[in-house]
Amino acid sequence: MGTLRPRRSAGLVFIVASAFWLAVVWRLGAGRLASIPRPGKLPFTFAWWEAVPVAKHLLLGQANAGDYLAGRAYASYTPLFFLIMYALMAPWKHIAGIPYDVVHNFVVFYFIAAFGGLLLFWNRHRMPGLRGPGRFRDAGVLFALAGVVVTHPPIWLGLLGFNPDNFYLFVTLVFCHLLLGGGIAHFAEWGAFVALVVPLHAPAWALIGAAQRIRGWARTAAAVLALAAFSYFLPAAIVRLAGYKSLSSGFLFRSGLDGNTSYLSNLFQAFARPLVPAERMWFFSLYILAPIAVGGWVARLDSEAGRAYFRLAFSLSIPYACVLILFPQAVSIHPYLMDPLLTVPATALLFRGVLEPAVLESLDGPRLAYAILAAGFMIMTNLLSLAQGFQSLLPHV
């Protein structure tokens with residue numbers, strides 16, 4: 001009990017600090033952007049669902065207003081993904097009376113809350129005790145970490161400015177939980193979830209299992225990949241059987257194997273220089289360099305912890321690497337969809353690394369000054385990206 005209470009205090013400090021940073025982001029423009037109605041797949045889909053019987057919409061999606069009148073349906077999302085999003089959005093519509101074209105802006109707040117809450121859960125045994133002579137330093141570390149997490153530009157700008165229905169973003173939490181939260185103990189169950197909700201990411205799930213040397217991996221992976229294939233092709237089959245015309249992009253286009261060079265030249269270009277640089281409104285390299293710097297710090301203080309850190313870094317990079325290899329043209333066209341597959345795990349890893357006991361204890365003298373400057377640089381970079389991104393998006397929403 002004596003250890004638990006200080007850790008609860010640390011969690012409370014993180015929550016209060018997160019609320020402060022959320023207020024800052026709101027003031028920079030998130031509040032205005034979230035209140036503006038805008039079209040999207042989720043509002044179009046759920047308006048259709050509520051206008052016709054289930055036998056008519058068949059849990060399919062709508063990419064544009066009135067698609068169903070023209071006999072078109074969107075088949076890139078699974079029925080279970082749509083049902084989860086409907087469960088999150090429908091109460092706002094039917095209890096508070098807020099239309100879906102505003103409610104889907106609230107998805108970003110769900111994600112920020114989930115990400116922050118999961119970070120606390122994943123690191124519950126690493127939270128500093130907030131006692132003794134280092135308690136103010138540790139509270140400052142939690143304040144800075146909350147700032148880095150809550151001001152994460154790819155989350156805010158990707159969901160508020162482009163696609164609230166970005167399933168690439170939400171699946172990152174599953175992969176982080178597998179590797180950082182002990183979810184690997186339920187590898188098969190999480191694999192089934194990924195297969196049913198976001199089957200495109202089943203290969204990444206399988207490779208993570210291989211990297212973690214899961215017992216019985218081949219048999220489990222084969223079963224889950226078969227389920228993922230069924231889940232992936234099911235919406236398209238329903239579209240065809242129902243007589244609709246599919247609006248979904250095919251594999252050849254997403255991968256670039258259509259031979260078109262208008263959007264893609266090679267994988268490195270897709271990663272480093274997306275087609276429309278203005279749609280990458282954040283300092284992307286920072287999410288590669290910052291975790292590496294923290295990992296180097298951890299390794300210098302504790303070689304075994306450093307090796308474990310970089311093993312995690314490799315496994316956490318697998319989902320982004322899979323998307324880059326399988327769908328490089330989509331990565332080049334939509335950096336706001338794909339970047340969070342790398343930036344969210346990188347932030348979670350950085351969070352874990354900074355809370356390593358050896359790192360916290362080393363924060364004294366020059367190292368403390370360097371850490372304060374580094375945290376200030378990262379948070380201010382995030383805030384500038386948000387302020388500029390919000391301003392560029394507001395006139396066009």
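Some points to look at:
- Taking the conditions (1) within 23 Å of the chain's Cα centre (by Cα); (2) without any contact (Cβ under 8 Å) to a residue 60 or more places away in the chain in turn, residue 373 satisfies each one other than (1).
- Any hit, segment 268-282, residues being charged (D, E, K, R) and touching a Lys or Arg at 6+ places or on another chain (Cβ under 7 Å): no
- Just one residue in the set 307, 273, 300 is basic (Lys, Arg) and more than 30 Å from residue 360 (Cα to Cα); that residue is 273.
- Qualifying residue in segment 344-354 (condition: touching a helix residue (DSSP H, G or I) at 6+ places or on another chain (Cβ under 6 Å), over 18 Å from residue 115 (Cα atoms) and either at pLDDT 90 or above or among the basic types (Lys, Arg) (or both)): no
- Filter pass, residue 65 being farther than 22 Å from residue 155 by Cβ and hydrophobic (A, V, I, L, M, F, W, C): yes
- Helices (runs of 4 or more DSSP H) wholly inside segment 1-88 that include at least 2 residues being in contact with a His (Cβ under 8 Å, 6 or more places away or on another chain) and over 20 Å from residue 196 (Cα atoms): 41-51
- Flag for residue 248 being assigned to a helix (DSSP H, G or I), surrounded by 15 or more Cβ atoms within 10 Å (Cβ to Cβ) and hydroxyl-bearing (Ser, Thr, Tyr): no
- Checking each residue in segment 152-181 for being free of Cβ contacts under 8 Å to residues at least 60 places away in the same chain and out of contact with any Gly (no Cβ under 8 Å at 6 or more places or on another chain) picks out 159, 170, 178.
- Any hit, segment 26-38, residues being under 30 Å from residue 135 (Cβ atoms) and out of contact with any Ser or Thr (no Cβ under 7 Å at 6 or more places or on another chain): yes
- Members of segment 61-84 found to be within 13 Å of residue 231 (Cα to Cα) and among the aliphatic types (A, V, I, L, M), listed by number: 75, 80
- Reported count of residues in segment 217-241, each being closer than 20 Å to residue 81 by Cα, of a type in the set (A, V, I, L, M) and surrounded by 14 or more Cβ atoms within 10 Å (Cβ to Cβ), is 8.
The values are calculated or read from the model by the stated rules, or taken from the named source; none is laboratory data. Predicted model only: the values in this text are computed from it and were never measured. In this analysis, Cβ positions are derived from the backbone assuming ideal geometry, glycine residues included, and neighbour counts consider all displayed protein chains.
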